[in-house]
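Reviewing the structure listed below.
The values are calculated or read from the model by the stated rules, or taken from the named source; none is laboratory data. As the structure is a prediction and not an experimental result, all values here were calculated from the model. With ideal geometry, Cβ positions are generated from the backbone for all residues, glycine too; neighbour counts draw on all protein chains shown.
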Amino acid sequence: MSGVQALTGPIRTVAVVLREQTKESSDVVDRLSRILAERDVAVTFEEADGREQEGGTSLDVKANPVDLVLALGGDGTLLRAARATVGTEVPVLGVNLGRLGFLTAFPDAELEQGLATVMDGKAMLEPRFTLRARIEGPDDVGDGKLFALNDIVVHTSGAARVTPLTIEVGSGEHREEVGSFSADGVILATPTGSTAYSMSAGGPIIVPEVECMVVTPICPHSLAVRPLVIPAHREVTVRSLDPDADHQLTVDGQVERALGPGDAVVVSREDHPVRLVRLPGQTFFGTLRRKLNWAAKPPERA
């Protein structure tokens with residue numbers, strides 16, 4: 001996966017993914033529409049029922065190509081928008097209407113200035129690799145459309161309780177069992193997702209340029225179980241050791257799939273990265289300090 005690139009080429013068509021319809025978002029949409037109209041840029045919005053789909057959107061950028069997908073909302077909205085671009089070269093620009101906005105490029109207060117930078121060709125593209133999950137089991141589900149920019153989580157559904165899981169790394173005859181443990185579940189995260197659920201569960205922070213997958217057990221019932229960092233080209237398989245357990249698969253905290261007895265979740269790297277738009281001077285470490293208060297200097301004594 002190549003590094004940061006310049007956002008080249010004119011932007012003539014923009015598709016917008018909305019968090020939800022509120023007075024605040026309506027005001028931002030009006031400002032956005034005015035800015036794009038002044039630059040003679042065609043804009044389309046996802047249909048209202050698109051937000052009701054399971055973590056999805058009504059946008060189809062393969063059937064209806066655009067130059068840019070713009071997510072108006074928080075990180076959840078950007079994750080939903082990013083899934084619409086998997087398998088394409090369409091960049092994703094996040095405008096933060098939420099609280100954290102770790103993945104977004106700028107807040108709505110900077111909409112005019114930020115869009116001017118992007119439209120004038122002064123922005124950068126930061127490729128982020130994604131994960132793909134498939135379900136292997138007696139019924140051979142073979143669902144290959146489960147893509148994650150942040151993480152894929154296998155966990156119990158219903159009552160909160162630990163469950164026995166086993167982890168395998170590799171594929172085919174080279175698949176090797178790493179070990180088994182009891183936990184609330186396990187997170188398989190990208191470097192992008194290492195600052196999300198995985199970090200909250202005690203996983204390491206991974207710089208986005210590092211190509212790897214983070215395996216983070218959720219509340220393991222053992223002091224000997226710690227997160228693992230796996231090379232990005234290796235597959236990771238998660239199996240349940242309890243035939244009666246009720247498990248599910250959750251993708252980016254938005255898409256859910258029930259897992260049946262004997263099902264295994266196989267997670268591998270998706271071939272096509274998601275390209276996030278970044279402004280000049282916007283860096284991962286700067287965002288880490290600003291948004292997560294990482295290693296902030298202690299206050300000076302009076």
>> I'd like the residue in the stretch 282-302 that is assigned to a loop (DSSP other than H, G, I, E, B) and modelled with pLDDT of 90 or more and, out of all such residues, is surrounded by the most Cβ atoms within 10 Å (Cβ to Cβ).
In response: GLN282
>> Taking the conditions exactly as written (basic (Lys, Arg) and over 20 Å from GLY203 (Cα atoms)), does ARG269 satisfy them or not?
In response: no
> What number goes with the only condition from (1) out of contact with any Ser or Thr (no Cβ under 7 Å at 6 or more places or on another chain); (2) surrounded by 14 or more Cβ atoms within 10 Å (Cβ to Cβ) that GLY172 does not pass?
Replying inline: (2)
> So is GLY253 of a type in the set (Gly, Ala, Ser), touching a helix residue (DSSP H, G or I) at 6+ places or on another chain (Cβ under 9 Å) and closer than 18 Å to ARG134 by Cα or not?
Replying inline: yes
> Across the stretch 148-166, what is the number of residues that are hydrophobic (A, V, I, L, M, F, W, C), within 22 Å of the chain's Cα centre (by Cα) and part of a strand (DSSP E or B)?
Replying inline: 4
> For the subset of the stretch 175-213 comprising residues that are hydroxyl-bearing (Ser, Thr, Tyr) and in contact with a Pro (Cβ under 8 Å, 6 or more places away or on another chain), which member is surrounded by the fewest Cβ atoms within 10 Å (Cβ to Cβ)?
Replying inline: SER180
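Just checking: which of the strands (runs of 3 or more DSSP E) contained wholly in the stretch 199-276 hold 2 or more residues that are aliphatic (A, V, I, L, M) and farther than 15 Å from ALA148 by Cβ?
The strands (runs of 3 or more DSSP E) meeting that bar are 228-231, 255-259.
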> farther than 30 Å from GLY94 by Cβ and either surrounded by fewer than 23 Cβ atoms within 10 Å (Cβ to Cβ) or modelled with pLDDT under 95 (or both), is that true of HIS233?
Replying inline: no
